[in-house]
Every structure is written in C-alpha cells, then in structure tokens.
Amino acid sequence: MKYKRILLKLSGESLQGGNKNTNIDPAMLEQYAAEIQTVKEQGVELAIVIGGGNIFRGGQADVLGIDRVQGDYMGMLATVVNGMALQSALERHGMYTRLMSGIKMEQVCEPFIRRRAIRHLEKGRIVIFGAGIGNPYFTTDSTASLRAIEVQADVVLKGTRVDGVYSKDPEKFSDAVRYDRLSFQEAYEKNLNIMDMTAFTLCMENKLPIVVFDMNKQGNLLRIAKGEETGTLIS
C-alpha cells in the first residue's frame, strides 16, 4: 500500500446520495462503510472528517437571521450527527471506531486529544473527527488539513462526486479540462477551487499531498490507497 495513514474528507451532502428529501440516506452510509472496509482490511490506518452541510451549513446563518458565530457552532454540531451515523455504519461492518470532537460532549464522543487520536490509529481503530476544530470561521476542509497534519497522515483524500480537479465546473461546462497532477503552486495560480485557502495553505506549507477523487465510484478509495492514479494529485 502506498499510504499507511490516510485522512479521508467527505462532504455532508454526499450522505444524501441522490435523495434530497432526506438528510442521511442509509444506502450511502452502507456504500461508504463497504468502501472504507476494503481499505481497512489492507491494514491502512484511517481517519475521517465529514461535513455537516446536509443538516446545517454555517453560511445559512445570515439568511435565517442567526449570528455567524452561532451558525458556525450549529454547523459543527451537524458534523457530529453525521459522524455518529457513519460510526454506526462502520461498526455494523465490524470495524472499531472512535468519534472525537473539537467541542466537549463526553456523553457522545471523546474530546480531541492528539496523542490519543494517534494511539487509536496505531491500534487499528478508525477515528472520526467531529465538530470541526472547535472554533467558528473554520471550514471542515480546514479541519481535515489540520487534523491530518496533527496525526501525521500521509495524504488527504477529498471524496467528491466528480473524478478529479477540472479547469472549470464539469457539470456545467463540456469543455472543462481534467488534471491528473498539479503542484500546489499551479493549483494556486489557476485559482482552482480545491479547498478553502486556509486548508490549502496548511497542506502546501506542510508538504501534505491532496488527492481529489470520485468517492461514489466503487473501488476508488482502495485504488488510491494502493497508489494507482485515480483522481487528481496535488503535491
């Protein structure tokens, strides 16, 4: 396996699948759990950050007349709900997990402690990081980058619904060009919307590669873990 320790970033919206009438589609939970299990069985250490946009997005706060900071905390709590749902799905598949939170809520999950998170990974447990970094104004992309650096992950895998990074939105423009590989500098100069700038800069400064790939295509996660060229590598 090319990567021994992986940080997988999933969007909250991905849990809806194609069904926008529900926040969490059981079929998507089952699909993701099966994909993650195939990688775990190869001995890969896996940490996960999942967004909360299917339940509440901090950016919605203004529209609802909610203070931005309050809205961001609501979004953080949504990531814990998604983390609990994913945790249950993984455990149904026989995997050992720990849900760690940037906000203390001991009845639900452990507080994030870096050394404890690393120890869980070393023991073969899947660690899900919820509640962002515990502070407003930071996205779950930033959480993924920071936690990956803290637990010394080899790579950040950003699971999306497209098969890599394009010059422009491939769902809107038929002439969009797909990139197999990019340097951080190239991605920055082309103004490609891979992650928010805080998250992207964290990875660039710490020389932590990012792979953007289609999480919904069966087997992609395992292919990347093995080192096969799937999606777009930014390094």
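The values are calculated or read from the model by the stated rules, or taken from the named source; none is laboratory data. As the structure is a computational prediction, the values presented were derived from the model and not from experiment. Cβ coordinates were reconstructed from backbone atoms using ideal geometry, including for glycine residues, and neighbour counts include every protein chain displayed. These area figures cover heavy atoms from the full protein model, side chains too; ligands, DNA and RNA do not enter into them. Shrake-Rupley method; radii C 1.70, N 1.55, O 1.52, S 1.80 Å.
Remarks
- Whole-Hz ³J(HN,Hα) from phi, Karplus 6.51 cos²θ - 1.76 cosθ + 1.60, for region 74-85, glycine and proline x: 4, x, 4, 5, 4, 5, 5, 4, 5, x, 5, 5
- For region 1-114, lysine pairs separated by 8 or more sequence positions, or belonging to different chains, with Cα-Cα distances below 22 Å total 5.
- Hydrodynamic radius of the chain per Kirkwood, over alpha carbon pairs, in Å: 17.8
- Cut-off under 5 Å, modelled amide H: who pairs with G132 long-range: G102
- Computed over region 100-199, Kirkwood Rh from alpha-carbon pairs, angstrom: 15.7
- Close amide H pairs (under 5 Å, H built 1.01 Å from N) link K158 with K9, V211, V212, F213, residues at least 5 positions away or on another chain.
- Using C-alpha pairs under 8 Å with a sequence gap of at least 6, the mean separation divided by the residue count of the chain gives a relative contact order of 23 percent.
- Surface exposure of region 7-63, expressed per residue as accessible area with a 1.4 Å probe, stands at 40 Å².
- Length added when fully stretched, Y137-E189, from 0.36 nm per residue minus Cα-Cα: 16.3 nm
- Amide proton proximity set for T139, modelled H, under 5 Å, gap of 5+: none
- Computed extension length for N206-Y96: 36.7 nm, one decimal, from 0.36 nm per residue of separation with the Cα-Cα distance subtracted.
- Accessible surface of region 181-224, 1.4 Å probe, proportion on carbon and sulfur as whole %: 44
- Sum of -39500 (n - 2.57) over DSSP H runs of 4+, divided by residues of the chain (222 nm, nearest 500): -11000 deg cm²/dmol
- Spin-label model, E13 to R119: label points 7 Å out along the Cα-to-beta-carbon direction sit 3.9 nm apart.
- Placing a label point 7 Å from the Cα of A34 along the Cα-to-Cβ direction, the residues of region 191-225 whose backbone N falls under 12 Å from that point are 217-219.
- Rg over Rh, two decimals, region 8-54 (C-alpha only, Kirkwood Rh): 1.02
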